[in-house]
Each structure stands twice: as C-alpha cells, then as structure tokens.
Amino acid sequence: MTTVPPVLPPAEEPPTTVRDLGLSYLRTAVPLFWGYVLTWLAMRAPAVHDLLDQPYVTALVTALVTLAWYAVARRLEAMLPAWLTRVILGANTAPVYPRSLSYELAAQEDLRAEG
C-alpha cells in the first residue's frame with residue numbers, strides 16, 4: 001500500500017522587489033529598442049524599404065526582428081562579457097520572479113501521482 005504525502009503549504013517566496021521589477025522592464029525595453037534600430041537600419045536599403053512600405057508590415061517585421069534579437073541574445077548571454085550583455089539586454093542579471101501558488105500545487109499533485 002502506498003502512502004500519499006500530505007499537501008504542504010506553499011513555500012514562502014520573497015515578493016518581487018522594485019529592483020526585479022525595474023530589471024524586467026529594462027530587459028524588455030532594451031531589446032525592443034534594438035529591434036526597432038535594426039529594422040530602421042534595414043529600411044535604409046532600397047529593396048527592403050519597398051517591402052516595408054506598409055505600416056502594418058513594418059510593425060510585424062519590427063516585432064519579428066525584436067523576437068529574433070532577443071532569442072539570440074538570451075542564447076548567447078552566458079558567453080558574453082557583462083558589458084556587452086548590458087548593451088544588448090539592458091542588464092547582465094535577470095530578474096527573480098516568485099513561483100506562483102498554482103505552480104506549487106501542481107508540483108505537489110505530481111508528487112502525489114507518482115507515489
């Protein structure tokens with residue numbers, strides 16, 4: 001007969017600090033800036049400018065360039081010097097987010113299902 005572990009109360013997590021909130025905003029805004037800059041630079045080429053003539057196309061391409069820039073930057077982040085990470089992502093440390101109660105409960109359910 002297997003015993004099911006009791007449901008534990010969620011672990012105490014520190015609340016999100018102002019510093020972490022600021023880091024999250026900075027690490028969102030700086031890649032958006034770079035996505036805009038890269039799209040603007042690409043539009044200087046006549047062939048690209050003709051493709052991005054419509055505002056909605058420009059907006060879509062800017063979003064995709066930003067997404068690609070952020071994905072590559074995050075992938076290379078551990079290999080880059082701190083100063084370069086600050087330039088391309090806004091900060092060289094990631095914010096810390098507290099785990100949610102739903103995450104804790106789901107983890108406990110998984111433990112009970114295994115037991």
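One table, with the values for the structure above:
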| item | result |
| --- | --- |
| Mean separation of Cα contacts under 8 Å, 6 or more apart, over the residue count of the stretch 18-106: relative contact order % | 46 percent |
| Virtual spin-label span in nm between LEU21 and ALA63, 7 Å along Cα→Cβ | 2.7 nm |
| Which of TRP40, TRP83, TRP34, TRP69 has the fewest Cβ neighbours within 10 Å, and the rest in rising order | TRP83, TRP40, TRP34, TRP69 |
| ALA71-THR28 pseudo-label distance in nm [points 7 Å out on the Cα-to-Cβ vector] | 2.0 nm |
| Distance (nanometres) between label positions extended 7 Å along Cα→Cβ at GLU109 and ARG86 | 4.4 nm |
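We did not get these values from a lab; they are worked out from the coordinates using the rules stated. Everything numeric in this text was worked out from a predicted model, so none of it was measured. Neighbour counts run over all protein chains shown; Cβ positions are idealised from the backbone, glycine included.
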